[in-house]
Structures are given as C-alpha cells and as structure tokens.
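Asks: Here it is: the structure, laid out below.
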Amino acid sequence: MTSILVIDDEYGVRSGICQILQLEGYTVEVAATGREALDLLDKQAFDIALIDYQLPDVDGLTLLATMRSRKLATMTCMITAYANIDTAIAATRQGIDFFLPKPFSPDDLLGVIETLSRHKQLKEEAEKLRKENEASLLALATEKSQTSSLVASLRDAVLVINREREVVLANHAMSALLGREPKDLLRAPVDDVLSAAPLSGLADLLSAQGDEERKLAELTIGDRIFFASVVAFHGEQGMALGRILTLADVTDMRRMAMEKPRFIRTMVHEFRSPLGAIRSLIEVATEKSLGADLAPYLPFLERADHRIDKMVELIGELLSLSRIDLERTANAADPPAEISAAVAATLDLYQEKLAARKIAARVDIPQGLPRVRISDDDLKTILSNLVGNALKYGRDDGTLQLRASHRDDRLVIEVADSGIGIRAENLPQLFHEFFREKRAETRDIDGNGLGLAIVKRLVERVGGKVEVESTVGVGSIFRVSLCTV
Ligand code: ADP
C-alpha cells in the first residue's frame with residue numbers, strides 16, 4: 001500500500017488532497033508545517049511526499065535538502081502556485097522528482113501519484129539489482145582471491161598455460177623453482193620459460209598430444225626429485241582451454257623408500273651377528289669342549305647373557321623408534337616439561353657411572369626458566385641418550401656440562417663433553433639409524449646407533465631442533481632447542 005505525506009499550510013488544500021487520495025485507497029498523513037513534516041518523516045517511511053513550496057517555518061527547498069541529507073527513499077513532488085523556471089531549477093538541484101502547479105484537478109493529482117509510485121517501484125527494483133550485483137561481484141572477488149591465495153600457498157609448484165602456450169598462472173613454489181618473479185612469468189611463452197635443461201622435458205610433457213587426461217613424469221632438479229603431472233582443463237563446452245603442470249617434491253619420499261631396504265639389511269645384521277656369537281658361546285658348553293666341569297663354561301654363558309641383554313635393549317630402541325613414527329605428533333595433552341627436574345633425574349640415573357669414570361658433572365641452569373612443549377618422559381629420554389653418550393664417548397677424569405638458556409621463544413639445552421669427539425665427515429650421518437663411527441676409540445664401546453635417531457625424532461616432532469658441534473680429541477656439544485610455553 002502506497003503511503004503519502006501531504007505537506008501544505010493551507011487547510012483546504014491538504015484536506016482536499018487527502019480526501020481524493022484516501023478515496024483511491026492510499027494511506028495519507030498530513031502536515032501543516034515543515035517541522036511537523038520532518039517529525040512525521042522521522043517516525044515513518046513514506047513512499048511519496050507532496051510538498052508545498054511555501055511553508056510558514058521552513059521553505060519547501062530546505063525541507064527537500066533535509067530529506068536528501070537523511071537519505072530518504074521518499075519520492076517527492078512540489079506543489080506550488082508560484083511555479084517559475086528558477087524555482088524549478090532550485091528544486092531539481094535538491095532532487096525533486098516531479099512538479100505539480102496549483103491549481104490542479106483530481107485526475108492531475110492521481111496521474112502524478114501513479115507516475116511517482118511506478119518510479120518508486122522501478123527505483124527499488126534497480127537498487128535491489130545493484131545490491132545483488134554488488135554482492136555477487138564481491139563473492140566473485142572473494143572466491144578469486146581465495147583461489148589465488150590457495151594456489152599461491154600450495155607446497156607443490158603449479159604452472160597454468162593457456163591455448164597459446166603462455167603462462168597464465170605460476171605460484172610461489174613454481175617461481176622459486178624457476179628462479180623468476182611470478183610477474184615476469186605472466187604471459188611469457190612457456191617454451192621460453194622451460195627452455196633450459198632439465199626443465200625442457202617439462203615443455204615436451206606440456207605439448208604431448210593424446211587422449212589421456214593426465215601425463216606423468218619424474219625429473220631431478222638440483223638435488224631434489226620431482227613428480228611432474230600435466231592435466232588439460234576444459235571450458236563448459238568441452239573446449240580445451242589450457243594445461244596445468246604441477247611438480248611435487250618427492251625427494252623425502254624417495255629417500256625413505258630407498259632407506260627402508262638399507263634399514264632392514266642393517267637390522268638383520270644387528271640381530272644376526274650377536275645371535276651367531278651367542279650360538280658359538282653356547283656351543284662351547286654343548287660340545288663340552290672344556291671338559292665335564294661346569295665352572296670353565298660360566299664366563300662363556302655370562303658373555304652370551306650379556307649379548308642377549310644388548311639384543312633386548314636393541315629391540316626396546318627399535319620399538320621406541322617405531323612408536324615415535326606411528327604417533328608422528330606428540331600428544332598435545334601432555335603437560336609441558338620442566339628442565340631442572342628432568343636434568344636432576346637424568347644425572348641421578350648416571351650418578352654411579354659418572355663417579356666410576358671420575359667425570360665431573362657441571363650443571364648451569366638458571367632458575368625460573370619457562371617450561372618446554374614436550375612431555376616429561378620424552379625430555380628425559382633425550383637427556384638420558386645425550387648424557388649416556390657423553391659418558392660412553394667421554395674420557396676418565398673429564399667433564400660433562402649441562403647448560404640451559406632462554407632465547408626468544410626457545411629453550412636451548414646443551415650437553416657438552418670432553419671426550420673423543422666426532423670426525424667432521426661423519427657429522428651429517430650422525431643422526432641416521434644404526435650409524436656408528438668406526439674408529440679405534442669406539443671399537444670397544446657398546447652401542448647400536450639408534451640413540452641419536454630417537455633423540456632427533458623426539459625433538460623434531462615437537463618442532464624443535466638438534467645440532468652438534470665437535471672436535472676430534474677435544475669433545476662434543478649437543479644442542480637441543482625446544483619451544484617454550
Ligand atoms: P650408540 O651410542 O648406541 O652407538 P647413538 O645413536 O647414540 O648410538 O650415537 C651414534 C654414534 O654417534 C655413536 O656410535 C658415536 O660414534 C657417535 N657419538 C654420539 N655421541 C657422541 C659423543 N658424545 N662423542 C663422540 N661420539 C658420539
């Protein structure tokens with residue numbers, strides 16, 4: 001139902017207009033002054049306002065200006081007996097929609113109201129369309145920026161070409177791989193971009209014809225291995241629009257696949273050699289090589305027993321490794337660990353061995369250090385492996401130092417010994433499973449080469465880092481940095 005506000009100071013005019021309009025079914029309110037009109041406009045929305053040019057308080061033009069400043073959607077029509085070109089221009093400037101010179105007939109009035117109603121309706125529809133359009137443009141822009149940030153942040157390198165074989169999209173990973181800025185790649189002919197070896201193979205892959213949707217290849221760039229795949233993409237009518245090339249870095253996967261047989265071979269060896277030794281030791285007894293008396297066999301059986309202990313230890317460490325691999329991420333519910341307590345517990349464990357080797361343990365851990373994001377058990381395992389090694393590969397009368405300091409959001413823990421040290425060329429393999437330095441000094445030291453691999457995995461799965469500094473004959477420092485809470 002169209003609502004109309006009639007603003008006129010002449011009672012006869014406003015009540016006459018009111019009657020005509022009400023008879024036609026319009027909802028009508030009347031105001032005798034500009035202020036009354038503004039009060040009514042404040043309270044309710046009107047579709048149309050009929051405004052007398054001359055009002056006792058504010059004039060019609062001021063009223064129009066106020067309505068405009070309030071951004072009212074009301075259609076306006078000036079009713080005036082003094083219509084001249086100047087008034088018309090001034091009113092038009094204030095956004096008047098129609099003029100109706102007085103006197104006017106009821107038909108004139110109804111004709112104007114009908115026109116204004118229609119205009120209002122059209123205006124509303126146009127506004128609705130504009131808003132819808134704006135919303136869908138916004139949605140489109142959001143979607144576009146979401147898609148491009150998604151592609152940009154992909155770990156895989158992505159390159160999209162059009163039918164003219166020009167690059168239309170290359171994400172960060174791809175531009176880094178190609179050593180070019182993303183903006184320099186845009187619109188560049190792909191055959192130029194991929195002209196040098198080993199990338200030229202990719203240009204061939206991108207041109208390979210055939211029905212199959214997906215083409216795959218493997219290539220090596222520097223020291224990384226990539227899995228390349230090309231997919232054609234089509235428009236709505238099935239027309240080919242271009243091709244997408246993705247390069248996935250599979251170096252670690254490949255390495256792991258290659259490591260597995262090596263790991264199994266070493267593991268078999270680690271079990272077979274002590275088992276062979278145990279068998280020979282037992283055979284001395286079963287073949288009664290030393291006579292009927294039991295006593296001479298006891299040292300052999302004790303040695304066999306010791307080797308069995310070592311095998312049980314090895315099984316325990318292998319199980320720890322596979323447990324860490326299976327869990328992958330640490331349990332977030334574990335309460336953070338406290339370094340002083342973990343160090344004290346570890347030193348307690350090695351007290352006797354330290355005393356026996358006359359190794360002086362020095363602890364330098366300031367009070368009030370923050371806790372670290374790792375479980376107490378895992379921190380103790382790390383410390384126990386590092387302190388155990390410092391002892392094993394340390395020197396009698398030497399030193400063992402345990403230090404901790406707070407740097408930014410990290411706690412740095414150092415385990416330093418004054419032992420045999422590690423050869424520089426062996427440092428890169430030090431944390432690999434089963435790696436042991438083969439040196440005269442290590443020949444008689446027991447071990448299976450799994451301790452440091454366990455340390456590395458426990459540290460890395462909580463986002464930490466482990467490093468080593470070492471000088472042969474001087475000693476080693478193992479440095480573990482963990483996130484603080
Ligand atoms: P394990 O001690 O059982 O052999 P680890 O994984 O703990 O196994 O250590 C791997 C190798 O690293 C050791 O065999 C040893 O050669 C070297 N290593 C580890 N810690 C030290 C250390 N503190 N000083 C000298 N060499 C070390």
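Asks: Kindly provide the set of residues from region 186-199 that are assigned to a helix (DSSP H, G or I) and either free of Cβ contacts under 8 Å to residues at least 24 places away in the same chain or open to solvent by 30 Å² or more (accessible area, probe 1.4 Å) (or both), ordered by number.
Replies: Passing the criteria: Asp191, Asp192.
Asks: Further, regarding this structure: Kindly indicate which of Val412, Val387 is more than 9 Å from the ligand (Cβ to nearest atom), open to solvent by less than 50 Å² (accessible area, probe 1.4 Å), farther than 26 Å from Ala355 by Cβ and outside any loop (DSSP other than H, G, I, E, B).
Replies: Val412
Asks: Please specify each residue of region 1-29 satisfying the condition of being free of Cβ contacts under 8 Å to residues at least 60 places away in the same chain and part of a strand (DSSP E or B).
Replies: Scanning region 1-29 gives Ser3, Val6, Ile7, Thr27, Val28, Glu29.
Asks: Tell me the residue from Pro428, Pro366 that is more than 21 Å from Glu317 (Cα to Cα), open to solvent by 30 Å² or more (accessible area, probe 1.4 Å) and within 15 Å of the ligand (Cβ to nearest atom), please.
Replies: Unique residue meeting the criteria: Pro428.
Asks: Is there a residue being β-branched (Val, Ile, Thr), open to solvent by less than 60 Å² (accessible area, probe 1.4 Å) and in contact with a Phe, Trp or Tyr (Cβ under 9 Å, 6 or more places away or on another chain) anywhere in region 91-102?
Replies: no
Asks: May I ask you to say which residue of Thr27, Thr62, Thr76, Thr66 is among the polar types (S, T, N, Q) and crowded, with 18+ Cβ neighbours inside 10 Å?
Replies: The match here is Thr76.
Asks: Follow-up question, since we're still on this one. Condition first: assigned to a strand (DSSP E or B) and either within 16 Å of the ligand (Cβ to nearest atom) or out of contact with any Pro (no Cβ under 6 Å at 6 or more places or on another chain) (or both). Can you find one or more residues in region 376-384 that meet it?
Replies: Taking every residue of region 376-384 in turn, none turns out to be assigned to a strand (DSSP E or B) and either within 16 Å of the ligand (Cβ to nearest atom) or out of contact with any Pro (no Cβ under 6 Å at 6 or more places or on another chain) (or both).
Asks: Mind listing whichever residues of region 440-465 are more than 8 Å from the ligand (Cβ to nearest atom) and open to solvent by 20 Å² or more (accessible area, probe 1.4 Å)?
Replies: Scanning region 440-465 gives Ala440, Glu441, Arg443, Asp444, Lys456, Arg457, Glu460, Arg461, Val462, Gly463, Lys465.
Asks: Related question: Considering only region 200-247, how many residues are open to solvent by less than 30 Å² (accessible area, probe 1.4 Å), at pLDDT below 85 and either of a type in the set (Phe, Trp, Tyr) or in a loop (DSSP other than H, G, I, E, B) (or both)?
Replies: Matching residues across region 200-247 total 1.
Asks: More than 13 Å from the ligand (Cβ to nearest atom), surrounded by 18 or more Cβ atoms within 10 Å (Cβ to Cβ) and of a type outside the set (Asp, Glu), is that true of Ile420?
Replies: no
Asks: Tell me, yes or no, whether region 335-356 has at least one residue that is open to solvent by 30 Å² or more (accessible area, probe 1.4 Å), among the acidic types (Asp, Glu) and within 30 Å of Glu259 (Cβ to Cβ).
Replies: No.
Asks: A further question on this structure: May I ask you to list the residues in region 103-126 that are surrounded by 13 or more Cβ atoms within 10 Å (Cβ to Cβ) and in contact (Cβ under 8 Å) with a residue 12 or more places away in the chain?
Replies: Phe104, Pro106, Leu109, Leu110, Val112, Ile113, Thr115, Leu116, Ser117, His119, Lys120, Lys123
The values are calculated or read from the model by the stated rules, or taken from the named source; none is laboratory data. This one's a predicted model, so the numbers in the text were calculated from it and none came from an experiment. Positions of Cβ are generated from backbone atoms using ideal geometry, with glycine treated the same way; all protein chains shown enter the neighbour counts. Surface accessibility is based on the protein's heavy atoms, side chains included, excluding ligands, DNA and RNA. Shrake-Rupley method; radii C 1.70, N 1.55, O 1.52, S 1.80 Å.
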